[in-house]
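The values are calculated or read from the model by the stated rules, or taken from the named source; none is laboratory data. On a predicted model such as this, the values are computed, not experimentally measured, just so you know. Quick reminder, even Gly has a Cβ in these numbers, built from the backbone with ideal geometry, and neighbours come from all protein chains shown. With ligands, DNA and RNA removed, areas are computed over all heavy atoms of the protein, side chains included. Shrake-Rupley method; radii C 1.70, N 1.55, O 1.52, S 1.80 Å.
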Amino acid sequence: RKQADHYEQVIAGSQREQDCYRNSLSYLGSCYRSLGQYEKAIAFNQQCLDISKEMEDWQGVAISLGNLGFCYKSLGKYDKAIAYHQQYHDISEEIGDRRGVAISLGNMGSCYYSLGQYEKAIALNQKDHNISKEISNRQGVARSLGNLGVCYDSLGEHEKSISHFQQ
């Protein structure tokens, strides 16, 4: 809450100095998402998305789309979340952001997991894992292995699950 208050003061004072304003909107969206105030989080992330589009900052657009996907997943609107993460993926692919591609695949995998579509979740998390390994993103490798472990556990494939968690 204190962080949100701080960023609200920043955006009130910045009078749309675009980078500062946009970044504060993104941080506000994250704060409100953490507070469970998803509609507020969506509103701030949408503003951030709009400014990123105006600035033609495609990485910022992609990240904003991913943040919107998180919000909709939190609301249980998985199809909408997947659509946002797919856009995040497509833009990341287009601008050559391999890390963004991997993250977006994992995010979609998480949504499909929540829908009980474990095989699809596994396929997406495996792609996330492969790209993360390829670009030496150890955090992404660890995240994807954990996600794969959860998926295999849900399918009752406990040995595979344990193997992924062990890695």
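Can you tell me which residues in the range 70-87 are among the hydrophobic types (A, V, I, L, M, F, W, C) and part of a helix (DSSP H, G or I)? Show your work before the answer.
Filtering the range 70-87 down to residues among the hydrophobic types (A, V, I, L, M, F, W, C) leaves 70-71, 75, 81-83.
Within the range 70-87, 70, 71, 81, 82, 83 qualify.
Within the range 99-126, can you find the residues that are closer than 11 Å to residue 140 by Cα and charged (D, E, K, R)?
Matches in the range 99-126: 99 only.
In the range 111-144, which residues are over 15 Å from residue 155 (Cβ atoms), in a loop (DSSP other than H, G, I, E, B) and aliphatic (A, V, I, L, M)?
135
Can you tell which of 140, 149, 116, 106 is under 21 Å from residue 72 (Cβ atoms), in contact with a Ser or Thr (Cβ under 7 Å, 6 or more places away or on another chain) and not aromatic (Phe, Trp, Tyr)? Before you say what the answer is, go through the steps one by one.
Numbers: 140 fails: under 21 Å from residue 72 (Cβ atoms); 149 fails: under 21 Å from residue 72 (Cβ atoms); 116 fails: in contact with a Ser or Thr (Cβ under 7 Å, 6 or more places away or on another chain).
It is 106.
Name the pairs whose Cβ atoms lie under 8 Å apart, with the first residue in the range 18-44 and more than 17 Å from residue 1 (Cα to Cα), the second surrounded by fewer than 19 Cβ atoms within 10 Å (Cβ to Cβ) and of a type in the set (Lys, Arg), and 6 or more positions between them or separate chains?
Close Cβ pairs satisfying both conditions: none exist.
Mind telling me which of the residues 63, 42 ends up being in a helix (DSSP H, G or I), open to solvent by 50 Å² or more (accessible area, probe 1.4 Å) and β-branched (Val, Ile, Thr)?
Numbers: 42 fails: open to solvent by 50 Å² or more (accessible area, probe 1.4 Å).
Result: 63 is the single residue among 63, 42 that is in a helix (DSSP H, G or I), open to solvent by 50 Å² or more (accessible area, probe 1.4 Å) and β-branched (Val, Ile, Thr).
Can you name the residue in the range 1-39 that is among the charged types (D, E, K, R) and open to solvent by less than 70 Å² (accessible area, probe 1.4 Å) and is also modelled with the highest pLDDT among such residues? Steps first, please.
First pass over the range 1-39, keeping only residues among the charged types (D, E, K, R): 1-2, 5, 8, 16-17, 19, 22, 33, 39.
After this cut, where a residue has to be open to solvent by less than 70 Å² (accessible area, probe 1.4 Å) as well, the list is 5, 8, 22, 33.
Numbers: 5: 69, 8: 70, 22: 86, 33: 95.
Checked the range 1-39; the qualifying residue modelled with the highest pLDDT is 33.
Taking the range 155-167 as the region of interest, how many residues are surrounded by 15 or more Cβ atoms within 10 Å (Cβ to Cβ) and assigned to a helix (DSSP H, G or I)? Spell out how you get there, then give the answer.
Taking the range 155-167 and keeping what is surrounded by 15 or more Cβ atoms within 10 Å (Cβ to Cβ), we get 157, 160-161, 164.
Subset that is assigned to a helix (DSSP H, G or I): 160-161, 164.
Number satisfying all stated conditions: 3.
Of all residues being touching a residue at least 24 places away in the same chain (Cβ under 8 Å) and assigned to a helix (DSSP H, G or I) in the range 88-100, which is most open to solvent (accessible area, probe 1.4 Å)? Just the residue, please. Show your work before the answer.
Initial filter on the range 88-100 (touching a residue at least 24 places away in the same chain (Cβ under 8 Å)): 88, 91-92, 94-95, 97-100.
Next cut, assigned to a helix (DSSP H, G or I) only: 88, 91-92, 94-95, 98-100.
On the way: 88: 21, 91: 36, 92: 0, 94: 161, 95: 73, 98: 84, 99: 119, 100: 2 Å².
It comes out as 94.
Is there any pair with a first residue in the range 45-67 that is under 18 Å from residue 86 (Cβ atoms) and a second that is open to solvent by 60 Å² or more (accessible area, probe 1.4 Å) whose Cβ atoms are under 7 Å apart and which are 6 or more apart or on different chains, and what are they?
Filtered contacts from the range 45-67: 58/95; 59/95; 61/53; 65/87.
How many residues does the range 101-154 hold that are touching an Asp or Glu at 6+ places or on another chain (Cβ under 8 Å) and open to solvent by less than 70 Å² (accessible area, probe 1.4 Å)? First the steps, then the outcome.
Just the residues of the range 101-154 that are touching an Asp or Glu at 6+ places or on another chain (Cβ under 8 Å), to begin with: 101-103, 105-106, 109, 140, 143-144, 147.
Filter again for open to solvent by less than 70 Å² (accessible area, probe 1.4 Å), leaving 101-103, 105-106, 109, 140, 144, 147.
Here the count works out to 9.
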